[in-house]
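Taking it in order: structure first as structure tokens, then the write-up.
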Amino acid sequence: MIYTITFNPALDYIAQVEDFKIGEINRTKTETILPGGKGLNVSIVLKNLGIENTALGFISGFTGEELKRKMEAQGVKTDFVKVKEGITRINVKISSMNEKKVEETALNGVGPLITENDIEVLMEKLQKMSTNDLVILSGSIPKNIDNTIYEKICKNLNEKGITFIVDSTQELLMNVLKYHPFLIKPNKDELEETLNCKISTKEDIIQSAKELKKLGAQNVLVSLGNDGALLLTKEDKTYYSKAPKGQVVNTVGSGDSMVAGFLAGYHQTKDYEVALKTGVATGSASAFSTRLATKEDVELLLSQL
């Protein structure tokens, strides 16, 4: 089984407003409520691509129950830890046309209080996993959780011989490389931020990926936005894929979609080049739509690569 872990999931309330004004009553043109969180995005796209998986994480209150319902309505299995204090956060995202340009405003909630006991419940779930399972750790963590939690989880998974993928940055990422994640997926900006360097050329990207590989990552997938993606494999082979052509509508979730697409491609073929192209097509499919990538979207874009 494939598992995703999202420490601070949310219900995303997404609204379009004609001309948003602070301090006044604004009426929406459209509004949508969707599950939010990097791991949840990966789960949804994997399911869209025909791969069963289970979403793990922490939920609380009536918003947590709604989040669970929405995930299961999309066919994703869930095994969330229910937290006692607080509620699953609501993130408000406002898209407004002001002075002939689109402006986006976000108000992100804090989320529930996750205790040591809650963490232990999650760790118990990990203890029941086997070497046939795969775990995807995505995103940031709430402020009330110690930033060594990723390291603790990856150490546990490594000791059990369980394959895992990490999509995070800075300290959360650097501290787990010694446990040899199967895949990490920084973008160009995150490479610069994590390694404290300036990247200008393709050679710089490859060199930075090699640095992360030396520190323990098995495969490094670098997202390059409109320029596609580059993959450095554990065999030190470098692959590049251009991005398909299309109109970018929304980049939220496109990186998570790339992870899901890469995993789907590799799961089905064990071929890194196919996995890379599937990842790029899947990330682009989400970027070119108001929803996350579907199998039909991906197959259409793959024909361009």
- Find how many whole Å separate the alpha carbon centroid of region 164-225 from the alpha carbon centroid of region 130-146. 17 Å
- Task: Send over the semi-axes of the chain's equivalent ellipsoid, whole angstrom and largest first, taken as the square roots of 5 times the C-alpha gyration tensor eigenvalues.
- Result: 28, 26, 19
- Task: Fewest Cβ neighbours within 10 Å first, please rank 252, 274, 110, 222 accordingly.
- Result: 110, 274, 252, 222
- In region 34-138, which trypsin sites (Lys or Arg not before Pro) are in a loop and have at most 13 other Cβ atoms within 10 Å, using DSSP for the loop call? 84, 100, 128
- Item | region 58-105 pair-distance distribution - Cα-Cα, 10 Å bins, rounded % | 24, 33, 22, 18, 3
- Around residue 176, what is the net charge, scoring Lys/Arg as +1 and Asp/Glu as -1 over all other residues with Cβ under 10 Å from its Cβ? +1
- Task: Give the Rg (one decimal place) followed by the Dmax (whole number) of region 16-94, computed from C-alpha coordinates and expressed in Å.
- Result: 15.3, 46
- Note on the structure: Taking Lys and Arg as +1 and Asp and Glu as -1, residues besides residue 192 with C-beta under 13 Å from its C-beta add up to -3
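May I ask for the net charge around residue 227, where only other residues with Cβ less than 12 Å from the Cβ of residue 227 are counted and Lys, Arg are +1 while Asp, Glu are -1?
+3
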- Item | Links that overshoot a 21 Å alpha carbon limit, given the list 185/270; 101/185; 29/100; 82/143 | 101/185
- Item | Dipole in debye (nearest 20) - the chain, about Cα centre, beta carbon charges: Lys, Arg +1; Asp, Glu -1 | 380 debye
- Any idea what the relative contact order of the chain is, in percent, if you count C-alpha pairs under 8 Å spaced at least 6 apart? 15 percent
- Which percentage, to the nearest 5, of the DSSP beta bridges contained in the chain is antiparallel? 45 percent
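Where a number appears in this text, it was derived from the coordinates with a stated rule and is not lab data. Computed from a prediction, not measured in an experiment: that's the story for all the values here. FYI the Cβ positions are ideal-geometry reconstructions off the backbone, even for glycines, and counts take in every protein chain you see.
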